Structure formats: structure tokens, C-alpha cells
């Protein structure tokens with residue numbers, strides 16, 4: 001609605017996980033480096049945890065962009081509430097070999113992974129919202145990481161989950177073997193105030209905003225306090241605050257705009 005008024009080419013604070021808008025904050029760069037290290041050194045299972053709206057899915061999309069299509073086949077699991085057989089079917093489908101019957105999914109997948117390895121290709125499985133994945137399905141992923149040579153794993157798994165995944169791994173005795181396979185783990189922390197300021201400016205710049213489109217210091221401090229540094233809530237508040245400034249026909253977003261934004265998204269805070 002307000003894009004043309006502010007001279008924007010794209011909405012700057014959409015909540016969809018567009019890696020074009022990924023701001024390389026301290027915490028997000030650290031998470032990306034952990035994942036890259038895990039994948040480059042064939043570490044098996046990597047776990048990234050963070051609260052709702054902290055940027056896990058955006059990081060997942062960025063990693064997908066970085067995968068080398070010449071040497072990697074990947075599967076992306078967006079619905080983690082899959083049973084064992086459904087999970088195997090989804091992985092097979094993403095790897096380009098959908099199951100023709102209800103029998104032999106595990107063996108077919110294992111054979112496919114070995115065939116890909118013979119031609120110099122590697123398999124990476126990424127799971128979003130992994131904290132809700134059934135224990136039996138997590139065990140399927142663990143067993144897949146058993147496929148290895150003397151030098152490296154043939155399958156790598158990257159899990160993105162909310163913090164309760166850490167507690168679940170500690171409390172469920174059946175998940176002990178899975179937990180022991182996690183060789184790389186990092187946590188996403190909220191953005192600090194200075195990081196949030198840079199985050200807002202970064203998104204405005206990517207969207208094509210001119211220099212006169214600015215959030216006042218009071219507006220920024222209020223948004224940081226109310227969002228507690230969580231990127232998704234920052235986006236919600238900034239979007240509504242810019243809408244408020246647009247209604248006033250002002251290119252500068254003031255504290256009052258932030259207040260109106262907070263009222264609009266109050267149920268989320």
C-alpha cells in the first residue's frame with residue numbers, strides 16, 4: 001500500500017523468509033557459519049534452535065541457495081509431522097525418485113543414496129520446525145546418517161527447531177542415540193539494539209528506500225523494546241509504523257507511528 005509513497009521497489013518488512021533480505025547480524029552469520037562448517041566437513045546432523053520468528057526459516061532458504069547443484073541433491077521437509085513412511089516418501093520425491101508402491105521405501109532410499117554417491121553426489125536433508133517431528137521419524141533420519149565411507153557421511157541432516165527441541169532431546173531417552181549424532185549445534189539469540197537498527201536500515205536499503213525514509217531514534221528504541229529483538233515482530237511493527245507514517249504523508253517514522261503499530265499488533269506481543 002505505501003511502497004510507491006516511500007519510493008520502494010519491494011515491501012521492506014514482509015514476513016516471508018526471503019533470503020534477499022537476510023541481514024548478516026552477529027547471530028545469523030554465526031548460525032550460517034555453523035551450518036556451512038557442518039556441511040563442508042560432513043558432520044552428519046546439525047541443529048539450529050531459536051524462538052518463533054528468530055529467522056530460522058530464512059537461514060534455511062539461504063543455505064538452500066548456497067548448495068552446489070552440481071554435487072548435491074537435497075530434500076526439504078516443511079511438514080515435520082510426518083510418520084516414518086511419509087517421511088521416506090517425501091525424501092524420495094525431493095531426490096527425484098518417488099516411490100511407486102507402499103513397500104520398500106527405506107531400501108529404495110538407501111539404494112538411491114549409494115547410487116548418488118557412486119557418481120560423486122551428496123545428499124542433504126533439511127527439516128524446518130523439527131521440534132514437532134515424531135520420534136520414529138527422527139530415528140529414520142539418524143539411521144540414514146549411518147550411511148558413510150571411512151572418510152565422510154553420505155547423508156547430512158540440518159534441523160531447524162524451536163528451543164523446546166533441546167529439552168526434548170534431554171528428556172526423551174529414546175532420542176539419546178539421535179542426540180549423540182548432533183555434532184554441530186547453535187542457538188539464535190534476539191537482535192541487540194544496534195543490530196536491530198542496522199537490520200531495519202538494511203531492509204529499507206534492499207527495498208530501494210531513499211535516505212529520507214527514516215525511523216526516529218525514539219521509534220527505533222520503542223520497536224526494539226516491544227519486539228524484544230525478535231526479527232518477525234520487528235517486521236510486524238515496522239510495517240505498521242510505516243503504514244501510519246504513510247497515512248500522515250510523512251517520510252519519517254516517529255514514536256507515535258510506533259505506538260499505533262504496537263496497538264495494531266498488540267495481540268502478538
Problem set entry | Helix 84-94 axis, angle to the chain major axis (alpha carbon atoms, nearest 10°) | 70
Seminar exercise, completed: In degrees rounded to 10, the 0-90 angle between helix 255-264 Cα long axis and the longest Cα principal axis of the chain is 50
Problem set entry | Cα-based shape type of segment 47-158, given that a ≥ b ≥ c are square roots of the gyration tensor eigenvalues and the cut on a/c is 1.5 | oblate
For this session: Show that you can apply the helix-only estimate: for the chain, add -39,500 (n - 2.57) for every DSSP H stretch of four or more residues, divide by all residues, and state [θ] at 222 nm to the nearest 500.
Result: -14500 deg cm²/dmol
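I need 244, 227, 173, 54 ordered by Cβ neighbour count within 10 Å, fewest first. Walk me through the intermediate numbers first.
Details: 244 21, 227 24, 173 7, 54 27.
So the ranking, lowest neighbour count to highest, is 173, 244, 227, 54.
Shape verdict for segment 107-191, please, from the Cα gyration tensor: rounded (a/c under 1.5), prolate (a/b greater than b/c) or oblate.
Values: a/c = 2.21, a/b = 1.74, b/c = 1.27.
Note, shape of segment 107-191 comes out prolate.
Sorting 94, 250 on the 10 Å Cβ count, fewest up front, what's the list? Before the final figure, lay out each step's value.
Values: 94 17, 250 12.
Sorted ascending by nearby Cβ count, the order is 250, 94.
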Problem set entry | the chain: angle of helix 26-40 to the longest principal axis, Cα-based, in degrees nearest 10 | 20
Exercise. Which of these, 160, 13, 37, has the largest mean-square fluctuation under a Gaussian network model of the chain (Cα springs below 10 Å)?
Worked result: 37
Problem set entry | Shape category assigned to segment 191-264 from the gyration tensor of Cα positions, a/c cut at 1.5 | oblate
Exercise. For the chain, what relative contact order do you get, as a whole percent, if you take Cα pairs closer than 8 Å and at least 6 residues apart?
Worked result: 28
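If packing is taken as the average number of other Cβ atoms within 10 Å across a peptide's residues, how do 204-216, 121-133 rank, most packed first? The partial results should precede the final answer.
On the way: 204-216: 16.5, 121-133: 20.5.
Ranking the peptides 204-216, 121-133 by packing returns 121-133, 204-216.
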Exercise. Rounded to two decimals, what ratio of Rg to Rh does the chain give with C-alpha atoms and a Kirkwood Rh?
Worked result: 1.06
Problem set entry | Sequence ranges 2-8, 147-153, ranked by mean other-Cβ count within 10 angstrom, highest first | 2-8, 147-153
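FYI, it's all coordinate maths here, none of it is from the lab. This structure is a prediction, so every number in the text was calculated from the model and none was measured. All Cβ positions, even for glycine, are placed from backbone atoms using ideal geometry, and neighbour counts span all protein chains on display.
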